[in-house]
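The values are calculated or read from the model by the stated rules, or taken from the named source; none is laboratory data. Just so it is clear, the structure is predicted and the values come from calculations on it, not from any experiment. Please note: Cβ atoms are built from the backbone with ideal geometry, for glycine as well, and neighbour counts cover all protein chains shown.
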Amino acid sequence: MLAVLSVLCLHLCSPVCGVFQKLYCSISDNCECDFKPNIRDLEWDLYKNVYGQHLAQDIVSEEVARFLQNKSPERPLVLSFHGSSGTGKTLVSSILGNHLYGSAMSSPFVHTFVPALHFPSPDRVQQYREELKRWVLGNLTQCARSVFLFEEMEKMPPGVIDILEPFLGPSHVVFRTNYRKAIYVFIGTTGEEVILREVLESRQAGLDREEIQWADFQDAIAQAAYNSSASGFFRSSVISQKLVSRFVPFLPLSRRHVERCAHSQLCQRGSCGRGDVVESVGGDMTYDPVPGHYFSTTGCKAVPAKINLFL
């Protein structure tokens with residue numbers, strides 16, 4: 001029976017596949033119909049389109065490759081992206097989804113949660129916990145390879161995310177599927193001050209940006225997220241129980257990174273040769289701290305609007 005369903009799912013990625021998918025996934029702990037990871041293309045996309053983030057590029061590539069090579073992982077892959085606005089956190093999460101599934105970010109197995117939409121009221125934490133548990137459990141039952149993306153964790157009501165604790169660790173509780181094959185990505189700005197301080201100190205010490213190491217941030221980011229009341233991880237057991245695989249720092253961007261963003265977006269519009277626009281966009285950004293004006297206060301987020309202004 002499993003063999004027949006497997007062949008159907010592998011060769012009929014169509015409405016026919018959907019008919020058998022729930023039954024197949026629930027009894028076989030697999031869900032490979034839409035799962036088509038391409039690590040080489042993931043790595044290339046990260047290095048080609050994400051600027052100034054050598055740590056994020058390396059960590060995401062290495063962790064995802066290592067996780068997928070293990071056919072029977074002990075726990076899910078849990079990544080937490082931290083950094084200021086416009087540094088590429090959401091972009092990296094989209095690139096990840098694009099290279100894990102045949103239908104990319106439109107896959108029914110990539111699930112995005114936004115606090116303002118899904119968890120808007122701080123006084124309904126218990127309700128949100130119950131809903132989140134049902135959502136995650138239901139989706140894992142359909143597909144063990146589900147990906148869950150949590151945007152704007154700084155706006156998540158504290159306490160909601162702790163309902164995921166049994167899903168994130170090496171618990172022997174089985175939710176009718178191999179829940180250890182899932183991937184969770186938390187995205188937020190909490191810890192941006194820690195990251196900025198470390199990058200500034202490294203710069204003042206004469207170190208190249210690429211010499212900054214991931215180990216310089218791990219504990220400091222975890223503590224910042226855990227201790228900040230403006231964080232969905234405030235006093236969270238997800239952190240205290242060390243259920244996050246890696247805290248991924250996204251570094252503040254300099255003018256040259258912003259200009260690379262501008263050049264890339266101009267090329268997408270068929271205007272690769274507009275170096276004048278690239279320079280104008282870079283010069284019109286606001287940079288901090290003062291003195292020095294090292295880093296863009298909005299990263300690459302304001303680049304499209306600036307391009308429209310100068311084209």
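Being more than 14 Å from G83 (Cβ to Cβ), of a type in the set (D, E) and in contact (Cβ under 8 Å) with a residue 24 or more places away in the chain: is that true of D284 here? Explain how you work it out, then say what you get.
Working: more than 14 Å from G83 (Cβ to Cβ): yes; of a type in the set (D, E): yes; in contact (Cβ under 8 Å) with a residue 24 or more places away in the chain: yes.
Yes, satisfied.
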Which residue out of V114, V60, V78 is surrounded by fewer than 19 Cβ atoms within 10 Å (Cβ to Cβ), among the aliphatic types (A, V, I, L, M), at pLDDT 95 or above and assigned by TED's automatic domain parsing to the domain that holds F148? V114
Does I187 satisfy the condition of being under 19 Å from E63 (Cβ atoms) and without any contact (Cβ under 8 Å) to a residue 60 or more places away in the chain? no
If you go through the stretch 66-125 one residue at a time, how many are closer than 30 Å to P289 by Cα and in contact with a Leu (Cβ under 8 Å, 6 or more places away or on another chain)? 6
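Please enumerate the residues belonging to the stretch 58-85 that are assigned to a loop (DSSP other than H, G, I, E, B), within 22 Å of S228 (Cβ to Cβ) and not polar (S, T, N, Q).
From the stretch 58-85, those assigned to a loop (DSSP other than H, G, I, E, B) are 70-76, 83-85; that's our starting set.
Then keep just the ones that are within 22 Å of S228 (Cβ to Cβ); that gives 83-85.
Once the filter is applied, which keeps residues that are assigned to a loop (DSSP other than H, G, I, E, B), within 22 Å of S228 (Cβ to Cβ) and not polar (S, T, N, Q), the stretch 58-85 yields only G83.
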Long-range neighbours under 8 Å by Cβ, at least six apart or interchain, first residue within 13 Å of R246 (Cβ to Cβ) within the stretch 211-232, second basic (K, R): W214/R246; Q218/R246
Failed condition for R235, given (1) at pLDDT below 90; (2) at positive phi, with all others met? (1)
If P37 satisfies all but one of (1) modelled with pLDDT of 50 or more; (2) out of contact with any His (no Cβ under 7 Å at 6 or more places or on another chain), what's the number of the condition it fails? (2)
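Of G83, G97, G88, which residue is more than 11 Å from the chain's Cα centre (by Cα) and of a type outside the set (S, T, Y)?
Details: G97 fails: more than 11 Å from the chain's Cα centre (by Cα); G88 fails: more than 11 Å from the chain's Cα centre (by Cα).
Criteria check complete, one pass: G83.
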Which of (1) out of contact with any strand residue (DSSP E or B) (no Cβ under 8 Å at 6 or more places or on another chain); (2) at pLDDT 95 or above; (3) of a type in the set (S, T, N, Q) is the odd one out, the single condition S26 does not satisfy? (2)
Looking across the stretch 233-271 at residues that are under 30 Å from P157 (Cα atoms) and free of Cβ contacts under 8 Å to residues at least 24 places away in the same chain, the single one that is surrounded by the fewest Cβ atoms within 10 Å (Cβ to Cβ) is K242
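Could you grab me the full set of residues in the stretch 216-257 that are among the hydroxyl-bearing types (S, T, Y), closer than 18 Å to R75 by Cα and either in a loop (DSSP other than H, G, I, E, B) or not assigned by TED's automatic domain parsing to the domain that holds S61 (or both)? Even if it seems obvious, please write down each step before you answer.
Within the stretch 216-257, the subset among the hydroxyl-bearing types (S, T, Y) is 226, 228-229, 231, 236-237, 240, 245, 254.
Keeping just the survivors that are closer than 18 Å to R75 by Cα gives 237, 240, 245.
Listed by number, the list holds a single entry, S245.
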